[in-house]
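Only the coordinates and a few stated rules stand behind these numbers; no lab work does. Because the structure is a prediction, the values reported are computed rather than measured. Cβ coordinates were reconstructed from backbone atoms using ideal geometry, including for glycine residues, and neighbour counts include every protein chain displayed.
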Amino acid sequence: MSSPASSQHSNDGLPSIPGCDTIIDLAVLKGEALKAKVLKLVQVLFPEWAEGVESIQIDRVSGALTNAVFFVNAPNKSRLLLRVYGNGVDQIIDRENELSWLARLSSLNIGPSLLGVFGNGRFEQYLPSTTLTHEDMCTPETSQRIASCLRELHDIVTVYPFDPTKDHLEVWSNIEKWYKVVMTLLPNLMKKSDGWAKILKVYNLERLPFQIEECKKILQKVDSPIVFAHNDTQYGNVLQLENTNELVVVDFEYAGYNPRGFDLANHMCEWAYNYHSEQPAAMNMSLFPTYEEQIRFLKAYLETPSKFDNPAINGVTPESLQKECTMWLMASHLSWGLWGLIQANQSEIDFDYFLFSTQRLNAFREEFAKWSS
């Protein structure tokens, strides 16, 4: 039985949203049982929407690497988007931070609105749209439009400024947190297969803390302003709206304050992945944007008018920004490499997280060797 809905208040005096502590266990609930459970949940959170609704249709949307995403439909009702969090992702994602940012973005009319939350998931506004493909993301026009989207997100830092006394940079916070988790999971990972055990011994993860500290020292010398960063702008997180063709970035699980160079470099890394190919977890560096493609993307980023009058762009050239991004690549590789090992241990999604992780850790060490020398 779902508990009564309560109002979940966010910081900054933002509007409250309905919430309850119901858990949806996708390992147990299938078919009609899942529909019945979701209908009860909807009745608790959105009684007006549920009025007169006797049954719902649920359609799963593929493509998410940490969540199960569903469309919830009922006759004469607006479609809802239901997101059920994956097993163990609380080791990876700070939900309180994510929900706080979603509320702020809603107040700025950026992205889909957060409608309600429950024990292991949430409901969001459904935006009639199509999700970009890898090919879409890499076309010149779309790439430049993604650059403009990122500029808009980054400039939110002028509305919600970074406060070093209470805020943290996601990149270093995640790397520190995820490394600790990986080391607790290491014995388990070694037992999963002899092949994994051999590779993990070669990686010698015990020496990573030294490399992380050196990486920090190198990147502290890079002048890269702190922005509000999405931190996961892969093509599956960019929608094209049906009515206006406008691009909208969604899924803010990893969002927060970060250096500009990290977020831009992180997006460039996503060019090397096609999650709908025969090898979805494999990083194909032949797809990584060329220097010319990077400059075109960064030129569009710099030329996008700031909605929030962000002065941090003054005096920056596409070429200087490209150098900034290039140096931050190693931090992107490191963070996702650690993320992949955690997922390899716990995720039930059919994706080769171990391959993903080892390729990213290899790329980190290659970049680290380049800059530390």
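Which value at 222 nm does the chain reach when only helices count, each DSSP H run of 4 or more adding -39,500 (n - 2.57), with the total divided by all residues and rounded to the nearest 500 deg cm²/dmol?
Calculated at 222 nm, the ellipticity per residue is -15000 deg cm²/dmol.
Quick one: angle between helix 260-270 and the longest Cα principal axis of the chain, in degrees between 0 and 90, rounded to 10, please.
80 degrees
Take the residue pairs Lys40/Lys166; Lys177/Lys221; Lys177/Lys217; Lys177/Lys201; Lys201/Lys323; Lys37/Lys180 and return only those whose Cα atoms are more than 30 Å apart.
Among Lys40/Lys166; Lys177/Lys221; Lys177/Lys217; Lys177/Lys201; Lys201/Lys323; Lys37/Lys180, the Cα-Cα distance tops 30 Å for Lys40/Lys166; Lys201/Lys323; Lys37/Lys180.
In terms of the Cα gyration tensor, with a ≥ b ≥ c the square roots of its eigenvalues, is segment 6-126 rounded because a/c is under 1.5, prolate because a/b exceeds b/c, or oblate?
Oblate.
Taking 0.36 nm per residue of separation and subtracting the Cα-Cα distance, what length does fully extending Asp163 through Leu287 add?
Here the segment from Asp163 to Leu287 would lengthen by 40.9 nm.
What chymotrypsin sites (Phe, Trp or Tyr not before Pro) in segment 333-373 are in a loop by DSSP, with at most 16 other Cβ atoms within 10 Å of the Cβ?
Answer by residue number: Phe351.
Compute the separation of the alpha-carbon centres of segment 25-55 and segment 168-229 and state it in Å as a whole number.
40 Å
Where does the charge balance sit around Ala68 when Lys and Arg score +1, Asp and Glu -1, over other residues with C-beta under 9 Å from its C-beta?
Working: positive: Arg60, Arg83; negative: none.
Around Ala68, the charge tally is +2.
For the chain, modelled as a Gaussian network with Cα springs under 10 Å, which listed residue fluctuates most, Ala344, Ala36, Ala281?
Highest fluctuation among the options: Ala36.
Compute the acute angle (0 to 90°) between the alpha-carbon long axis of helix 318-346 and the principal axis of greatest extent of the alpha-carbon atoms of the chain; round to the nearest 10°.
The two axes meet at around 60 degrees.
Would you mind computing, in nm to one decimal, how far apart the modelled labels at Ala36 and Ile349 are, each placed 7 Å from Cα along Cα→Cβ?
Label at Ala36, label at Ile349, 3.0 nm between them.
Tell me, in nm to one decimal, what length is gained between Val202 and Leu108 on full extension, where the rule is 0.36 nm per residue of separation less the Cα-Cα distance?
29.1 nm
At a Förster distance of 51 Å, what's the computed FRET efficiency of Glu319 paired with Asp21, Cβ-Cβ distance as r, to 0.05?
Rounded to the nearest 0.05, the efficiency is 0.45.
Say each of Gln57 and Lys177 gets a label point 7 Å from the Cα, pointing the same way as Cα to Cβ; how far apart are those two points in nm?
Here the modelled spin labels are 3.8 nm apart.
Using the Cα centre of the chain as origin and beta-carbon charges of +1 (Lys, Arg) and -1 (Asp, Glu), tell me which of Leu341, Ala50, Ser320 is placed farthest towards the positive end of the dipole.
Checking the options against the dipole of the chain, the answer is Leu341.
For segment 81-164, just say rounded, prolate or oblate: build the C-alpha gyration tensor, square-root its eigenvalues into a ≥ b ≥ c, call rounded for a/c under 1.5, and beyond that prolate if a/b exceeds b/c, oblate if not.
In terms of gyration-tensor shape, oblate.
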